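Each remark here refers to the structure printed beneath this line.
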Amino acid sequence: MANPQTSTQPQSPPVGGTDVHVEMLRTMLRARLADERLIRLFRQGQIIGGVYSSIGQEAIGAASTAAGLPQDLYAPLIRNMAVHIGRGASLLDVFRQWLGRVTGPTRGRDGNLHYGIFANGVYAMISHLGAMIPVVTGGVMAKRHQGSDAIGFAYIGDGGTSTGDFHEGVNFAAVFNVPLIIIVENNKYAYSTPASGQYRCKRLIDKAPGYGIEGFSADGNDLVELHRLLHRLAVDVRANPRPVMIECDTLRMRGHGEHDDFSYVPPELLEQYRQRDPIAGATKRFIADGIMTESAIAALTQACHTEVDVAYHAAMKDPPPDPNTLLEGVYADA
Ligand SMILES: Cc1ncc(C[n+]2csc(CCOP(=O)(O)OP(=O)(O)O)c2C)c(N)n1
């Protein structure tokens, strides 16, 4: 349910050079800081519903949105704050949504993660894991039919790859050569179920040959290398339409939601991935490669902190929906 009032057009993502790196870091920082603020708000009882964060997985959204073009379609799921932001959602859109404000993308009618701003080429997700793959596949087919060279980006968790919708969607996209980048975010847990309790193949991309498509392994926490791969694949599938699957190695650094203390995740595993934090890794590399100075990174981080504060306070001033209007916009008018 896109609200034109809150929709912002995506900037044309620059490709190559250092601008794209700075933009990706900015996307990751804004996503991280927004998530951290939402976690605090959840603890303070200001959020209606749960909070499901993407902390530790921001490189995937930042790299994949930087690899796309404005005409492309994206189907993010619950760990994809950086996809919404990378495609142009403002932090005001984000806080209005999570605080249930009438001005938010779902006009305060959703609690609270099933949103997308269609003007940005982003679908609002439904909960059923895998079900957005057929949706974005159909969207890309429709755009191509109209003469566009759009491609699609679909996201799925390790747990989601075991569902029927995933299988049907990937198979259908493969049979019809739909240009789709299927990003498997292997963050090692589906709720409290570890990878060992979910599938028998060694890697999730071992499933790709079964659909007759290529599979690629990537470090989901290495922004620069991930972007390099995704950019190359985006150019390739745009010119030679077909789906490809990428398995991104990462870790869910919080519980399934903030109601979950994730005590079932071994502390050593968390520590291992804390050392591989995508934001810390990117900033270290940018400084080493001369892409950004330490002070430029500090200034960018400060600007993102300020932006989060401003957006949160602005969203708080907006009202929740009027209960008398709650049925409006839910069903098609008779
Ligand atoms: C068909 C279906 N079954 C169950 C759920 C409830 N559910 C929501 S998220 C989730 C776990 C998803 O795990 P994974 O795909 O690994 O993604 P992650 O949460 O780790 O990012 C489940 C079981 C659902 N939304 N849809």
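With θ taken as phi - 60° and the coefficients 6.51, -1.76 and 1.60, list the Karplus ³J(HN,Hα) couplings across the range 172-182 in order, rounded to whole Hz; mark glycine and proline as x.
Each residue's phi maps through the Karplus curve to give 4, 4, 5, 4, 9, 6, 7, x, 9, 9, 9 Hz.
What is the dipole size for the chain, taken about its Cα centre, with +1 at each Lys and Arg Cβ and -1 at each Asp and Glu Cβ, in debye to the nearest 20?
Dipole size: approximately 100 debye.
How big is the chain in terms of Cα radius of gyration and Dmax, in angstroms?
Looking at the chain, its Cα Rg and Dmax stand at 19.0, 61 Å.
For residue 331 and residue 299 in the same chain, what is the full-extension length gain: residue separation times 0.36 nm, less their Cα-Cα distance, in nm? Write down the numbers at each step before the final one.
Numbers: separation 32, 0.36 × 32 = 11.52 nm, distance 4.59 nm.
Full-extension gain reported as 6.9 nm.
Debye sum, Cα scatterers, the range 121-238, no solvent: what log₁₀ I/I(0) at q = 0.09, 0.14, 0.17, 0.21 1/Å?
At q = 0.09, 0.14, 0.17, 0.21 Å⁻¹ the computed log10 ratios are -0.24, -0.60, -0.90, -1.35.
Please compute the modelled spin-label separation between residue 127 and residue 168, points set 7 Å along Cα→Cβ, answer in nm with one decimal.
Label-label distance for residue 168 and residue 127, simple model: 1.9 nm.
Calculate the length of the line joining the C-alpha centroid of the range 256-289 to that of the range 115-170, in whole Å.
Answer, in whole Å: 28.
Using unit Cβ charges (K, R positive; D, E negative) and no other charged atoms, how large, in debye to the nearest 20, is the dipole of the range 183-334 about its Cα centre? Walk me through the numbers before you get to the answer.
Details: 16 positive and 23 negative charges, 151 e Å.
It comes to approximately 720 debye.
To one decimal place, what orientation-averaged projected area in nm² is obtained for the convex hull of the Cα set of the range 65-192? Display every interim value, and only then the final one.
Numbers: hull surface 32.0 nm².
Projected area, direction-averaged: 8.0 nm².
Would you work out which of 42, 89, 74 lies farthest towards the positive end of the dipole of the chain? Charges go on Cβ: Lys and Arg +1, Asp and Glu -1.
74
Considering only 205, 138, 180, whose Cα is most displaced toward the positive end of the charge dipole of the range 22-318, charges sitting on Cβ of Lys, Arg (+1) and Asp, Glu (-1)?
138
Need one number: the % of Cα-Cα pairs in the range 193-263 sitting beyond the 18 Å mark.
Roughly 54 percent, rounded to a whole number.
What is the count of Lys pairs in the range 22-318 whose alpha carbons sit under 30 Å apart, if the two are 8 or more places apart or on different chains?
So the count works out to 4.
So with the 1.4 Å probe, I'd like the accessible area per residue for the range 22-318, rounded to whole Å².
I get 39 Å² per residue for this part.
How much of the accessible area of the chain, in percent, comes from carbon and sulfur atoms when a 1.4 Å probe is used?
56 percent
Contact order normalised by length for the range 22-318, with contacts defined as Cα pairs under 8 Å and 6 or more residues apart; what percent is it?
23 percent
The values are calculated or read from the model by the stated rules, or taken from the named source; none is laboratory data. What you see is a predicted model; the values in this text were computed from it and never measured. Note: ideal-geometry Cβ built from the backbone for every residue, glycine included; neighbour counts use all protein chains shown. These area figures cover heavy atoms from the full protein model, side chains too; ligands, DNA and RNA do not enter into them. Shrake-Rupley method; radii C 1.70, N 1.55, O 1.52, S 1.80 Å.
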